[in-house]
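Asks: Let me give you the structure first, and then I'll get to my questions.
The values are calculated or read from the model by the stated rules, or taken from the named source; none is laboratory data. A quick note: this is a predicted structure, and the numbers were derived from the prediction, not measured. Neighbour counts run over all protein chains shown; Cβ positions are idealised from the backbone, glycine included.
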């Protein structure tokens, strides 16, 4: 814990009213949020690349975000690092009775059901007037992650397709509805149907036990590799993306696909 205490002390110094860092002193809960999201994605990126040395540094950056919020909470007499840690410890013990008590949960499914039951009880304690299963979902999540979290939540309570065939049929239905919307030319209707199609794609990913965010990021990286290869190919012919014809771009794209798999 020595380095943890050192980190907390450094954070206090950065926020010192007289000798602190001008940038750190003017930050608020709201202004730090974009940095927190960025650091979380950088952690994910390091893991996906398998770069453990980079991951160590990125985890430190993410930890610093927690320490920053804890310092702000301490200054406003809301909470501090110790109370954050205590709340987390209490929650983990409460949600793992099969580890920290005599309760027996023998299967992954039993553990998941018990976890969801306890979370539902916590939601009811927080807000007795509104006890929807969707109460505590983070509405500012990236849309793909939010859709996945919604579907997981309601799926655990029986609102789900029993077989993947139903999910695929629903996906095809949404494609047909998008085609009909395109014929209408109504932009609002098109946007709505496009959203429904994406929501169904997330549902299919969930049933395939895939993370849609991770799958899409991999596709983005694959596209980037192929497009860079395309630029090199047409560049060898003295062309650029803007000056090449559609046929030349398609030929270069197919070549790039063969190069990058």
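Asks: Only one of (1) without any contact (Cβ under 8 Å) to a residue 60 or more places away in the chain; (2) farther than 26 Å from residue 16 by Cβ is not met by residue 48, so which one is it?
Replies: Result: residue 48 fails condition (1) only.
Asks: Next question. Taking only pairs six or more apart or across chains, which ones have beta-carbon atoms under 7 Å, a first residue in the stretch 132-145 that is within 19 Å of residue 194 (Cα to Cα), and a second residue that is part of a loop (DSSP other than H, G, I, E, B) and modelled with pLDDT of 80 or more?
Replies: Listed pairs, sorted by first residue: none to list.
Asks: Run residue 27 past the list (1) surrounded by 15 or more Cβ atoms within 10 Å (Cβ to Cβ); (2) modelled with pLDDT of 95 or more; (3) assigned to a helix (DSSP H, G or I) and report the number of the one that doesn't hold.
Replies: (3)
Asks: Just checking, does the stretch 154-169 include any residue being in a helix (DSSP H, G or I), surrounded by 16 or more Cβ atoms within 10 Å (Cβ to Cβ), out of contact with any strand residue (DSSP E or B) (no Cβ under 7 Å at 6 or more places or on another chain) and modelled with pLDDT under 85?
Replies: Looking for residues that are in a helix (DSSP H, G or I), surrounded by 16 or more Cβ atoms within 10 Å (Cβ to Cβ), out of contact with any strand residue (DSSP E or B) (no Cβ under 7 Å at 6 or more places or on another chain) and modelled with pLDDT under 85, one finds none in the stretch 154-169, hence no.
Asks: Just checking, which of 108, 80, 61 is without any contact (Cβ under 8 Å) to a residue 40 or more places away in the chain, under 25 Å from the mean Cα position of the chain (by Cα) and surrounded by 11 or more Cβ atoms within 10 Å (Cβ to Cβ)? Reasoning before the result, please.
Replies: Working: 108 fails: surrounded by 11 or more Cβ atoms within 10 Å (Cβ to Cβ); 80 fails: under 25 Å from the mean Cα position of the chain (by Cα).
Just one listed residue meets the conditions, 61.
Asks: Go through the stretch 198-216 and report how many residues are in contact (Cβ under 8 Å) with a residue 12 or more places away in the chain, surrounded by 13 or more Cβ atoms within 10 Å (Cβ to Cβ) and not in a helix (DSSP H, G or I).
Replies: Number satisfying all stated conditions: 1.
Asks: Determine which member of the set 22, 34, 17 is outside the structural domain of residue 222 (by TED's automatic domain parsing), without any contact (Cβ under 8 Å) to a residue 12 or more places away in the chain, within 30 Å of residue 218 (Cβ to Cβ) and exposed (fewer than 15 other Cβ atoms within 10 Å of the Cβ). Spell out how you get there, then give the answer.
Replies: Working: 22 fails: within 30 Å of residue 218 (Cβ to Cβ); 17 fails: within 30 Å of residue 218 (Cβ to Cβ).
One residue alone meets the criteria, 34.
Asks: Of the numbered conditions (1) surrounded by 13 or more Cβ atoms within 10 Å (Cβ to Cβ); (2) under 30 Å from residue 50 (Cα atoms); (3) out of contact with any helix residue (DSSP H, G or I) (no Cβ under 7 Å at 6 or more places or on another chain), residue 219 fails exactly one; give the number of that condition.
Replies: (1)
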